[in-house]
1. Do any residues in segment 1-17 that are part of a helix (DSSP H, G or I) have Cβ atoms under 7 Å from those of residues that are surrounded by 11 or more Cβ atoms within 10 Å (Cβ to Cβ), where the two are at least six apart or on different chains, and which pairs are they?
2. Based on this model, can you work out whether L114 counts as free of Cβ contacts under 8 Å to residues at least 24 places away in the same chain, open to solvent by 40 Å² or more (accessible area, probe 1.4 Å) and in a loop (DSSP other than H, G, I, E, B)?
3. Look at A82 and say whether it is of a type in the set (G, A, S), open to solvent by 50 Å² or more (accessible area, probe 1.4 Å) and either at pLDDT below 90 or in a helix (DSSP H, G or I) (or both).
4. Just name the residue that is surrounded by the fewest Cβ atoms within 10 Å (Cβ to Cβ) out of those in segment 122-155 that are small (G, A, S) and at pLDDT 90 or above.
Amino acid sequence: MNNRRKVLAGTITILWAVLTMRVGCVWHFINALYLVHGATREDEFIWMFGPRGPEPVETFASVTLFVMILVADLIMIWRSWAMYARRWIAIVLPVLTVITGLIAVSIQLTLDYLPPPSDEQIATNRVPALFKINWNTIYFAMIVSTNTLCTLLILGRILFLIGWRQSSHCPIDAI
């Protein structure tokens, strides 16, 4: 078994293990919501959106989701890097978007454990700047941009390698 297959098998195993942990966390959350705190619809709502703060299981579920996305993004970047004959310049922008996403999700996970701004801070518009930014949106934008950039890099390299411009079978001409 060559090294590429070992890396791919190890990565798939890691993704499977993390996904299994996430399913357990989500099952625990649903069990707590409907079976433990679900006497009435109001109890469910209060437990879900009340001031109880994040439970460690919910935070762990968020972290496992982040790890799955991070591993998938790194695989995509690795494939782009391999397509460009291991030239680092081709993957600088996707790597920067992954790092930005890592920073955004780290800030969001930290903010989940900080006390929210008080009513006085909100009334006087003295809310700390970190609470004003939606870090999840930034993280989502970085995930999408990483995947889009890597897909375009791979597609561009494939089209360049097959020489589609000189070919009489240009896929764009068929449209």
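The values are calculated or read from the model by the stated rules, or taken from the named source; none is laboratory data. Bear in mind the structure is a predicted one, so any value in this text is a computation, not a measurement. Using ideal geometry, Cβ is built from the backbone for each residue, glycine included, and neighbour counts are taken over all protein chains shown. Surface accessibility is based on the protein's heavy atoms, side chains included, excluding ligands, DNA and RNA. Shrake-Rupley method; radii C 1.70, N 1.55, O 1.52, S 1.80 Å.
1. If the second residue must be surrounded by 11 or more Cβ atoms within 10 Å (Cβ to Cβ), the pairs left are T11/V71; T11/I75; I14/V71; L15/M68; L15/V71.
2. In short, yes.
3. Here the answer is yes, as A82 does meet what is asked.
4. By that ranking, first place goes to A141.
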